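Read the structure below first, then the notes.
The values are calculated or read from the model by the stated rules, or taken from the named source; none is laboratory data. As the structure is a prediction and not an experimental result, all values here were calculated from the model. Note that we place each Cβ from the backbone using ideal geometry, even for glycine, and neighbour counts take in every protein chain shown. Just the protein is used for accessible areas: all its heavy atoms, side chains included, with ligands, DNA and RNA removed. Shrake-Rupley method; radii C 1.70, N 1.55, O 1.52, S 1.80 Å.
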Amino acid sequence: MKSIGETLFRLDRNGKPFPVPAHQRVNAKVLGLQESWFRDAIFAEPELVIGPCRTAGRVDADETWLPWRVEVSFDAGPIDVLLVSSHGRIGIVETKLSYNPQKRREVVAQVLDYALSLQDCDREDLPVLPDSPHAPLEEDLVECLNSGRFLLIIAGDALDPRALRLSQSMLARHLTSEWDLAMVDLNVYRQQQNEGDLLLVPELLGMVQTDLRQVVRVVVQGESVKARVVVDKIVHEEERVPRGSALASFDEFLANVQKEVPAQLESARRIVDRMQQVAAQSGGALTLWIRTTSASLYHASPSGPRRFLSLRTDGRLRLVLAYLRIAGLEQVIDKLVDAAPPTFSIDRSDRAAGLRYVPDQEANIFGFLDRMSSVLSLRGA
């Protein structure tokens with residue numbers, strides 16, 4: 001049963017209100033609309049499906065979503081609309097109309113297959129990012145790809161909300177992926193006086209939110225009542241390190257720094273050397289990973305390593321709190337925020353902060369790395 005009215009009314013704000021029926025809700029079949037019509041509308045304006053998710057609190061207020069590709073395939077068939085956000089999250093939109101005979105289970109299974117196939121991809125398998133000031137940084141995109149931080153959306157003109165129950169049980173099979181799934185009805189209203197005048201009214205039917213869990217191994221050592229119980233998290237090999245084929249050597253990374261910001265090459269070399277020392281002193285809490293466009297420190301977490309400090313080939317050093325927050329590392333965030341001044345100006349609620357690692361900033365940056373090492377109790381670990 002729909003929770004939105006069949007009719008939209010027109011009123012005059014002046015004088016006594018007298019509602020006049022203006023638009024009537026109709027389904028796509030009556031209008032002869034195809035799924036491709038909805039697909040193209042969403043690609044032209046992603047807010048049609050993102051807006052209701054933002055209102056529900058599953059999209060950050062400052063997260064801008066961009067159209068990326070239509071009908072793009074990653075081994076599980078063509079995805080109707082591929083979106084990407086300014087935070088690096090990937091959106092998969094599947095359009096389904098009320099007259100399509102496909103069963104509810106098939107619709108849900110299809111969008112999950114798309115997500116699984118996408119999560120098996122490396123960055124090089126994905127399209128070039130949109131040419132927009134809101135396009136994400138490459139490392140943010142890779143971070144979201146590696147952890148499966150996707151927003152899955154099923155959009156149509158009269159969806160069956162019972163599919164949400166199926167979605168919940170099917171998503172439960174992928175507890176280590178950070179997927180959210182939304183069902184959005186795009187209600188079509190036709191003007192009574194002009195049948196070519198249509199209105200689209202998005203309606204969020206419901207969402208299935210990620211519930212990230214971990215698998216553990218319980219080992220009982222001894223047979224007495226005082227036997228020691230050891231609980232170990234079972235970490236798949238791909239969780240131990242950031243996944244992706246863009247890992248590079250230090251020399252490759254420095255070559256890209258020299259290409260983009262040659263005046264900062266020696267600063268980059270010295271700062272990354274210091275980052276390597278900090279990681280080596282951390283007793284395994286931190287790891288340094290070098291890609292073609294960045295050298296990044298990752299902090300260990302129950303759900304895998306989380307990036308928090310990146311030195312980029314474009315000349316910037318970024319302190320990122322967002323991924324630590326997702327992993328529940330609130331104490332680490334507090335310590336980093338305490339250590340940040342005067343190098344970074346950042347509040348614990350911020351997503352990230354950055355500065356240019358020019359030679360004049362080296363002492364400032366080394367000071368932060370020393371304070372960070374101290375507050376995280378990494379020295380001598």
remark   = Given the conditions (1) under 25 Å from His87 (Cα atoms); (2) open to solvent by less than 10 Å² (accessible area, probe 1.4 Å); (3) at pLDDT below 80; (4) of a type in the set (A, V, I, L, M, F, W, C), every one holds for Ile154 apart from (3)
task = With the condition kept exactly as written, say whether any residue in the stretch 104-119 is part of a loop (DSSP other than H, G, I, E, B) and either within 26 Å of Leu321 (Cβ to Cβ) or open to solvent by 20 Å² or more (accessible area, probe 1.4 Å) (or both).
result = no
inquiry  = Yes or no: the stretch 225-247 includes at least one residue that is under 26 Å from Arg316 (Cα atoms), open to solvent by 20 Å² or more (accessible area, probe 1.4 Å) and either of a type in the set (Val, Ile, Thr) or at pLDDT 90 or above (or both).
reply    = yes
key: Residues within the stretch 285-330 that are open to solvent by 50 Å² or more (accessible area, probe 1.4 Å), touching a residue at least 60 places away in the same chain (Cβ under 8 Å) and more than 17 Å from the chain's Cα centre (by Cα), tallied   = 1
message = Residue pairs, Cβ under 8 Å, 6 or more apart or interchain, first in the stretch 331-354 and open to solvent by 20 Å² or more (accessible area, probe 1.4 Å) and part of a loop (DSSP other than H, G, I, E, B), second hydroxyl-bearing (Ser, Thr, Tyr) and modelled with pLDDT under 95. List them.
response = none
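Residues checked against (1) on the phi > 0 side of the Ramachandran plot; (2) crowded, with 20+ Cβ neighbours inside 10 Å; (3) outside any strand (DSSP E or B):
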{"residue": "Arg69", "(1), (2), (3)": "no, no, no"}
{"residue": "Asp75", "(1), (2), (3)": "yes, no, yes"}
{"residue": "His87", "(1), (2), (3)": "no, yes, yes"}
{"residue": "Ile92", "(1), (2), (3)": "no, yes, no"}
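From the list Gln192, Gln168, Gln214, which one is within 17 Å of Ser303 (Cα to Cα) and either loosely packed, with under 15 Cβ neighbours inside 10 Å or modelled with pLDDT under 65 (or both)? Steps first, answer last, please.
On the way: Gln192 fails: within 17 Å of Ser303 (Cα to Cα); Gln168 fails: within 17 Å of Ser303 (Cα to Cα).
Residue meeting the stated conditions: Gln214.
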query = For the stretch 49-63, does any single residue satisfy the condition of being open to solvent by less than 40 Å² (accessible area, probe 1.4 Å), in contact (Cβ under 8 Å) with a residue 12 or more places away in the chain, in contact with a Cys (Cβ under 8 Å, 6 or more places away or on another chain) and part of a loop (DSSP other than H, G, I, E, B)?
reply = yes
message = So for the stretch 56-72 (the condition being among the small types (Gly, Ala, Ser) and modelled with pLDDT of 95 or more), does at least one residue qualify?
response = no
inquiry  = So for the stretch 28-45 (the condition being over 21 Å from Asp157 (Cα atoms), in contact (Cβ under 8 Å) with a residue 24 or more places away in the chain and not basic (Lys, Arg)), does at least one residue qualify?
reply    = no
ask   = Under the condition of being out of contact with any strand residue (DSSP E or B) (no Cβ under 7 Å at 6 or more places or on another chain) and in a helix (DSSP H, G or I), which residue from the stretch 120-140 is nearest to Met183 (Cα to Cα)?
value = Asp140
